[in-house]
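Here is the structure we will look at, set down as structure tokens.
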Amino acid sequence: MVKLKYNFMDIKDARILITGGSAGIGKATAKMLANAGAKVLITGRDEKKLQNVAQELGVMYVAANVALPADIDKTFDMVNNQLGGLDVLINNAGIGEFPTLEELSLEDFQRVYNVNVFGLALMTQKAAHLFKEQNSGNIINIASTAATKGFERGTIYASSKFALRGMTECWQAELRRYNVRVILVNPSEVPTAFAQPDRKEREDVPHKLTSDEIAQAIKGALEMDSRGFIKELTVIATNPWLAEGN
């Protein structure tokens with residue numbers, strides 16, 4: 001009888017970079033993975049907020065905007081100098097704008113695509129270079145159920161997430177031979193600071209998802225035996241209408 005050797009990823013001591021890690025899904029994921037023993041580096045644009053969150057969670061931080069190539073370079077300098085390398089990139093940073101077709105402008109597209117598509121791709125390019133050299137790695141792209149279905153006023157946001165879904169499939173094809181797993185996670189609505197003008201966290205809504213469910217999905221996908229991976233994982237609320245008394 002042949003004995004199978006399982007290579008479950010050990011979160012303990014894994015070197016993990018999370019963009020948009022100071023709030024919402026990014027913060028919850030950083031907390032969960034740090035509590036499991038990972039070495040975590042979070043990014044975000046608000047340095048004071050990052051400092052507070054990093055101290056709260058016991059993680060490292062770098063103030064960086066993924067839409068700026070110079071900040072991407074700064075982030076990977078931190079990866080090399082502070083983390084000592086990289087095992088996991090979690091592309092969580094994202095923004096959204098929701099004009100009608102008649103209201104949208106080129107500038108609206110550029111603001112969202114610079115973060116959700118172009119900046120994310122350049123972050124992944126840097127990580128992929130490291131992963132190919134070491135012949136291992138994990139890339140988790142946080143998309144949305146909007147990556148699978150358009151909606152009213154979703155022209156800009158949904159199309160950016162459709163683009164991310166397409167890029168993910170391309171990277172899966174390119175990087176499998178280097179033992180790099182590229183995973184797309186599609187959360188349905190999670191009440192967070194996303195798209196809030198004041199960037200304040202929204203309160204949890206009964207029976208809707210919280211950031212913790214997405215963090216658990218990410219952790220579970222990472223811990224799968226390294227011989228396989230989940231290409232795409234969609235997480236939705238079981239019955240969100242219960243909150244409305246239905």
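Read-outs throughout are calculated quantities, based only on the coordinates presented, and are distinct from any laboratory measurement. Everything quoted here is computed from the prediction, not taken from an experiment. Backbone-built Cβ (ideal geometry, glycine too); neighbour counts: all protein chains shown.
Using the structure shown, list the pairs from K126/K208; K74/K149; K49/K208 with a Cα-Cα distance above 31 Å, or answer none. Over 31 Å apart, Cα to Cα: K126/K208; K74/K149.
How much net charge surrounds A215 when only the other residues with a Cβ under 10 Å from the Cβ of A215 are counted, with Lys and Arg +1 and Asp and Glu -1? Local charge sum for A215: +1.
Please list the non-local residues whose amide H lies under 5 Å from the amide H of V182, H modeled 1.01 Å from N, same-chain partners needing a gap of 5 or more. Answer set, sorted by chain and number: I139.
Listed values for segment 126-136 are Karplus-derived 3J(HN,Hα) couplings in whole Hz (6.51 cos²θ - 1.76 cosθ + 1.60, θ = phi - 60°), namely 5, 5, 4, 4, 5, 5, 5, 5, 9, 6, 5, and x replaces Gly and Pro. Adding -39500 (n - 2.57) for every DSSP H run of four residues or longer, then dividing by how many residues the chain holds, sets the calculated 222 nm ellipticity at -11500 deg cm²/dmol.
Database remark: amide H of Y61 closer than 5 angstrom to the amide H of I42 (H placed geometrically; neighbours at sequence offset of 5 or more, or on other chains; Pro and chain starts carry no H). Using only side-chain charges placed at the Cβ, +1 for Lys and Arg and -1 for Asp and Glu, the dipole size of the chain relative to its Cα centre rounds to 880 debye.
Against the chain, whose longest principal axis is taken from its Cα atoms, helix 47-57 shows a tilt of about 50°.
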